[in-house]
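Comments concern the structure below.
The values are calculated or read from the model by the stated rules, or taken from the named source; none is laboratory data. Fair warning: this is a prediction, and the values are worked out from it, not measured in the lab. Positions of Cβ are backbone-derived with ideal geometry, glycine not excepted, and every protein chain shown enters the neighbour counts. Just the protein is used for accessible areas: all its heavy atoms, side chains included, with ligands, DNA and RNA removed. Shrake-Rupley method; radii C 1.70, N 1.55, O 1.52, S 1.80 Å.
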Amino acid sequence: MPSLRTALLQSSGRPGAVAENLKTLDEAAARAAGAGARLLVAPELFLTGYAIGDAVPVLAEPADGPGAEAIAEIAVRHGLAVLYGYPERDGERIFNASQLIGADGVRLANYRKTHLFGCFEQEWFIPGEQTVVQADLDGIRIGVLICYDVEFPENVRAHALAGTDLLLVPTAQMHPFQFVAESVVPVRAFESQMYVAYVNRTGPEGEFEFVGLSCLAGPDGVVRTRAGRGEELVIGEVDPEFLAASRAANPYLADRRPGLYGSLA
């Protein structure tokens with residue numbers, strides 16, 4: 001099975017300006033496709049911006065809304081799948097969500113962030129209730145979490161047990177928590193034997209300072225590609241043959257003793 005070349009778009013776009021962010025995503029998709037990528041991953045709430053305050057309910061849209069339609073057109077035009085973050089409206093409820101759209105423009109998966117971080121997110125969003133959301137892309141099982149979610153090992157282990165090969169984590173990681181990008185994410189990939197694509201915003205936005213450092217970590221805990229602190233598009237390979245060999249050699253999942261872990265719940 002061939003590798004899945006994956007592009008990570010590290011950008012904050014222009015907060016509050018959906019049209020500008022779609023343009024940025026379109027340009028990144030063109031560059032990614034030109035480099036042979038089959039998947040492009042954008043950060044948390046990329047469609048609208050993160051620190052948009054009162055604009056959250058104004059810019060929130062349903063999973064099949066105009067933003068999704070525009071990104072489906074981008075995916076088809078450039079022939080690659082796209083995962084993007086956006087505020088999802090479902091009736092009166094608003095979720096911090098991420099959606100995966102295939103290269104054919106079909107919506108493949110929609111995930112709602114289950115662990116909301118800080119007062120800002122807890123003010124504007126409702127937490128999701130489904131930990132494992134997956135889709136298949138080019139023979140690889142894709143899973144989705146968002147930012148703070150990956151800092152809970154239970155979430156990532158749930159994906160491992162459900163067969164996730166590549167975990168996509170659009171994020172808004174801010175100062176002074178850069179150690180998550182530098183250390184926690186590669187460890188998560190190793191301990192649960194999967195690839196993890198952690199894709200961050202960058203620079204100042206409202207009261208936040210996003211640290212960049214997006215990365216694709218492999219099941220051996222080694223980072224395949226890493227962005228710096230600025231706007232950047234980086235590309236790495238998700239190799240299913242290497243993943244299978246790593247899982248065969250690493251006994252973490254096989255050596256689990258679930259009967260001992262009841263107290264964790």
Rounded to the nearest Å, what's the spacing between the alpha carbon centres of the range 78-118 and the range 200-220? Just the number, please.
19
Rounded to the nearest 5, what % of DSSP beta bridges with both residues in the chain are antiparallel?
70
Short version: ³J(HN,Hα) in whole Hz for each residue of the range 206-220, in order, from phi by Karplus 6.51 cos²θ - 1.76 cosθ + 1.60 (θ = phi - 60°), x for Gly and Pro, what are they?
x, 7, 9, 10, 7, 9, x, 6, 4, 8, 10, 9, x, x, 8
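On full extension of the chain, what length is gained from E69 through E207, given 0.36 nm per residue of separation minus the C-alpha to C-alpha distance?
The E69-E207 span can extend by a further 46.6 nm.
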Quick one: what are the phi-derived ³J(HN,Hα) couplings along the range 61-71, Karplus 6.51/-1.76/1.60 with θ = phi - 60°, whole Hz, x for glycine and proline?
9, x, 4, 9, x, x, x, 4, 5, 5, 6
Could you tally the net charge around S192, taking each other residue with its Cβ under 14 Å from the Cβ of S192, Lys/Arg +1 and Asp/Glu -1?
-2
Candidates A63, A75, A158: whichever shows maximal mean-square fluctuation once the chain is modelled as a Gaussian network with Cα springs under 10 Å:
A158
Largest first, how would K113, K23 line up by accessible area (1.4 Å probe)?
K23, K113
For T225, the residues 5 or more places away or on another chain with a placed amide H closer than 5 Å to its own amide H are L216
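Kindly provide the helix-only [θ] at 222 nm of the chain, computed as the sum of -39,500 (n - 2.57) over DSSP H runs of four or more divided by all residues, to the nearest 500 deg cm²/dmol? Could the numbers behind the result be given before it?
Values: 7 runs with 68 residues, N = 265.
It comes out at -7500 deg cm²/dmol, rounded to the nearest 500.
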In a Gaussian network model over the chain where Cα atoms closer than 10 Å are linked, find which of C119, C147, C215 has the largest mean-square fluctuation.
C119
Once R257 and Q130 are pulled to full extension, the length gained, defined as 0.36 nm per residue separation minus their Cα-Cα distance, is 43.3 nm
Give me, ordered by chain and number, the residues 5 or more places off D90 or on other chains with an amide H under 5 Å from its own placed amide H.
F95
The range 1-58, Cα convex hull volume normalised per residue, Å³
77
Sorted by chain and then number, the residues having a modelled amide H within less than 5 Å of the amide H of L39, at least 5 places away or on another chain, are A7, A81
Most positive-pole-ward Cα, A217, A42, Q130, against dipole of the chain from beta carbon charges:
A217
Applied in sequence order to the range 89-96, the curve 6.51 cos²θ - 1.76 cosθ + 1.60 (Karplus, θ = phi - 60°) yields integer Hz couplings, x standing for Gly and Pro, of 9, 10, x, 8, 8, 10, 10, 7
Provide the descending list of Cα extents for the range 82-230 along its principal axes, expressed in whole angstroms.
39, 34, 29
Using +1 on the beta carbon of Lys and Arg, -1 on that of Asp and Glu, and nothing else charged, what's the dipole of the chain about the Cα centre, debye to 20?
560
